[in-house]
Amino acid sequence: MADLKHTSTAAVSLAFAACLAVTGCAGPEAPEQDGGAEAAAADAAQADSFTIEDAWIKAVTEDEGMTGVFGALGNDGDQDVTVVAATSSVAGMVELHEVVTGDDGNSVMREKDGGFTIPAQGTHALEPGADHIMLMDLGQDLEPGAEATVELEFADGSTTEFTAPVKDFEGANENYDEGAGHSADHGEEGH
Ligand SMILES: [Cu+2]
């Protein structure tokens, strides 16, 4: 009896593995991925519902290594939209961060599991001390008055970009949660 159960479980796993290998599907609930951004665009891409207001980037020097992008993310569509990744020409690495209270009572920031979900017809705020887009491995100073472009990728693979001005701001100095990984890359705690 036990053997039979084990065998059938293995068979299911094998079938799932084959499914992954052949079609790239991730399970019965996975959305169709084959068409990528183009197919998604023809069918209400998440990027098309996305809006952003009052975007800005905290001014820093290149030596400081990283900074935050803030603003009011909006969704004027009838389905939730989720930002799952971001890139920027001014940063070697970009992450989607949240701020949480660490074991020592201090605020720490870390990658946000699942990214930023913007509810249908709703907004999701990126603010100092809360969720933000983290520009890391900066290749240049970001001085007040400058601008930088950030590209966002959504859960359906669609993308969009926006340009945000750089502004002076005191604060948003949460320490980086070293447990979140890749700490060796930037070597600097906080910013
Ligand atoms: Cu951060």
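The values are calculated or read from the model by the stated rules, or taken from the named source; none is laboratory data. Remember, predicted model here, so these are calculated numbers, not experimental data. As a convention, Cβ positions derive from the backbone with ideal geometry for all residues, glycine included, and neighbour counts pool all protein chains shown.
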| query | Which of the following residues is modelled with pLDDT of 95 or more and either farther than 26 Å from residue 168 by Cα or buried (at least 21 other Cβ atoms within 10 Å of the Cβ) (or both): 51, 117? | reply | 117
| message | Just to be sure I understand, how many residues within segment 70-98 are closer than 20 Å to residue 138 by Cβ and part of a strand (DSSP E or B)? | response | 13
| If you go through segment 101-114 one residue at a time, do you hit one that is away from the ligand (no atom under 15 Å from the Cβ) and acidic (Asp, Glu)? | yes
| Can you name the condition, by its number, that residue 95 falls short on among (1) under 18 Å from residue 165 (Cβ atoms); (2) within 11 Å of the ligand (Cβ to nearest atom); (3) buried (at least 21 other Cβ atoms within 10 Å of the Cβ)? | (1)
| remark: Of (1) over 13 Å from the mean Cα position of the chain (by Cα); (2) within 22 Å of residue 168 (Cα to Cα), residue 102 fails just (2)
| note | With criteria (1) under 13 Å from residue 86 (Cβ atoms); (2) within 16 Å of the ligand (Cβ to nearest atom), residue 127 comes up short on (1)
| query | Out of the residues in segment 74-92 that are buried (at least 23 other Cβ atoms within 10 Å of the Cβ) and within 19 Å of residue 45 (Cβ to Cβ), which is farthest from the ligand (Cβ to nearest atom)? | reply | 81
| Any pair with Cβ under 6 angstrom, 6 or more apart, that starts in segment 100-128 at a residue that is within 27 Å of residue 79 (Cα to Cα) and outside any strand (DSSP E or B) and ends at one that is modelled with pLDDT of 95 or more and among the aliphatic types (A, V, I, L, M) | 112/96; 115/83; 115/84; 115/96
| task | All but one of (1) within 24 Å of residue 89 (Cα to Cα); (2) part of a loop (DSSP other than H, G, I, E, B); (3) not small (Gly, Ala, Ser) hold for residue 135, so report the exception by its number. | result | (2)
